[in-house]
Amino acid sequence: DTAVSQTPKYLVTQMGNDKSIKCEQNLGHDTMYWYKQDSKKFLKIMFSYNNKELIINETVPNRFSPKSPDKAHLNLHINSLELGDSAVYFCASSPVAGGPGTQYFGPGTRLTVL
Amino acid sequence: GEDVEQSLFLSVREGDSSVINCTYTDSSSTYLYWYKQEPGAGLQLLTYIFSNMDMKQDQRLTVLLNKKDKHLSLRIADTQTGDSAIYFCAETRGPGKSTFGDGTTLTVKP
């Protein structure tokens with residue numbers, strides 16, 4: 001019973017394409033996140049979202065947009081993919097935004113832009 | 001702005017203690033965390049400490065927080081080869097306001 005799942009696990013695509021990564025959590029958490037981990041393993045938060053508020057890291061290009069059809073899902077849509085978007089993208093969830101609640105991470109989606 | 005810094009690499013021998021250090025800049029940080037990332041996997045929370053505490057112990061793990069110096073450390077006693085991983089320090093100061101360090105790669109040699 002996977003707590004936070006992401007699909008696909010690997011995504012290889014051409015520059016300029018539009019792609020989506022899906023994330024689902026079955027923990028009943030209120031808050032979900034997207035992170036980007038680059039080739040040096042540096043981890044940056046991209047978005048934090050609950051049913052009331054979307055918080056965007058100001059450094060994230062507007063080509064990236066989170067979409068939440070319901071509380072258990074937060075998908076990441078990327079327009080006009082660029083080479084620099086190649087990274088591993090992690091989805092996470094937590095019961096409380098900003099509090100002590102553990103963030104549960106998904107297994108990651110490795111995106112390669114050619 | 002907010003910043004969390006860690007040294008990038010640490011190598012120890014099996015059975016020794018490992019100490020991973022982290023410094024942060026934002027005094028409004030409320031919770032500080034240590035996460036572990038094994039190869040090809042997502043991050044897993046190891047432990048966290050509230051900013052009004054100075055120490056927390058959980059089995060082989062000891063977290064020390066010096067709030068005055070904004071310094072956080074993670075000590076792993078009797079380090080095992082299975083502890084080899086990347087360890088991330090992180091702080092949060094409110095909803096959606098989390099900053100992660102760049103991670104310390106711990107290598108445990110037999």
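The values are calculated or read from the model by the stated rules, or taken from the named source; none is laboratory data. Everything numeric in this text was worked out from a predicted model, so none of it was measured. FYI the Cβ positions are ideal-geometry reconstructions off the backbone, even for glycines, and counts take in every protein chain you see. All accessible areas refer to the heavy atoms of the entire protein, side chains included, with ligands and DNA or RNA removed. Shrake-Rupley method; radii C 1.70, N 1.55, O 1.52, S 1.80 Å.
Using only C-alpha atoms and all pairs of different ones, pull out the Kirkwood radius for the protein assembly as shown in Å with one decimal.
After inverting the pairwise mean of 1/r, the radius is 18.0 Å.
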Computed on Cα atoms, the radius of gyration and Dmax of chain B in angstrom are 13.3, 42
Output wanted: per-residue J couplings in Hz (rounded whole) for segment A:31-37, from phi through Karplus 6.51 cos²θ - 1.76 cosθ + 1.60, θ = phi - 60°, x for Gly and Pro.
10, 10, 9, 10, 10, 10, 10
Mind computing the radius of gyration and Dmax over the alpha-carbon atoms of chain A? Å is fine for both.
13.3, 40
Tally Lys/Arg at +1 and Asp/Glu at -1 over every other residue whose Cβ is under 15 Å from the Cβ of B:PRO110; what's the total?
-2
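Give the residue list of trypsin sites (Lys or Arg not before Pro) in segment B:46-107 that are DSSP loop and have at most 10 other beta-carbon atoms within 10 angstrom. Spell out each step's value before the answer.
Values: sites: B:LYS56, B:ARG60, B:LYS67, B:LYS68, B:LYS70, B:ARG75, B:ARG93, B:LYS97; in loops: B:ARG60, B:LYS67, B:LYS68, B:LYS70, B:ARG93, B:LYS97.
When the trypsin sites (Lys or Arg not before Pro) of segment B:46-107 are filtered for loop state and at most 10 Cβ neighbours within 10 Å, B:LYS68 remain.
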How high is the relative contact order of segment A:5-114, given as a whole-number percent (alpha carbon pairs under 8 Å, six or more residues apart)?
38 percent
Across segment B:98-104, in residue order, what do the Karplus-derived ³J(HN,Hα) couplings come to in whole Hz, using 6.51 cos²θ - 1.76 cosθ + 1.60 with θ = phi - 60° and x for Gly and Pro?
10, 10, 9, x, 7, x, 10
On a straight-distance basis, which lysines could pair with B:LYS68 in a cross-link, Cα separation under 18 angstrom, same-chain partners fewer than 8 positions away excluded?
B:LYS56
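For peptide A:44-50, how many partner chain Cβ atoms fall within 10 Å of a residue's Cβ, on average? Each step should come with its number before you reach the end.
Values: counts 3, 7, 0, 1, 6, 2, 2.
The shielding value for this peptide is 3.
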Here, trypsin sites (Lys or Arg not before Pro) of segment A:13-93 satisfying both criteria (DSSP loop; at most 10 other Cβ within 10 Å) are A:LYS40, A:LYS52
Calculate what fraction, in whole %, of the accessible area of segment B:1-93 sits on carbon and sulfur atoms when a 1.4 Å probe is rolled over the protein chains.
47 percent
Each residue of segment B:24-36 in turn: what ³J(HN,Hα) in whole Hz from Karplus with 6.51, -1.76, 1.60 and θ = phi - 60°, glycine and Pro shown as x?
9, 10, 8, 6, 8, 4, 9, 10, 10, 10, 10, 10, 10
Per the charge dipole of segment B:46-110 (beta-carbon charges, Lys/Arg positive, Asp/Glu negative, Cα centre), the residue among B:GLY82, B:GLY103, B:TYR48 reaching farthest to the positive end is B:TYR48
For B:ASP16, which sequence-distant residues (separation of 5 or more, or a different chain) have an amide H within less than 5 Å of its own amide H, given hydrogens modelled in the peptide plane?
B:THR79
Buried solvent-accessible surface, both chains (A, B), 1.4 Å probe, Å² to nearest 100
1700 Å²
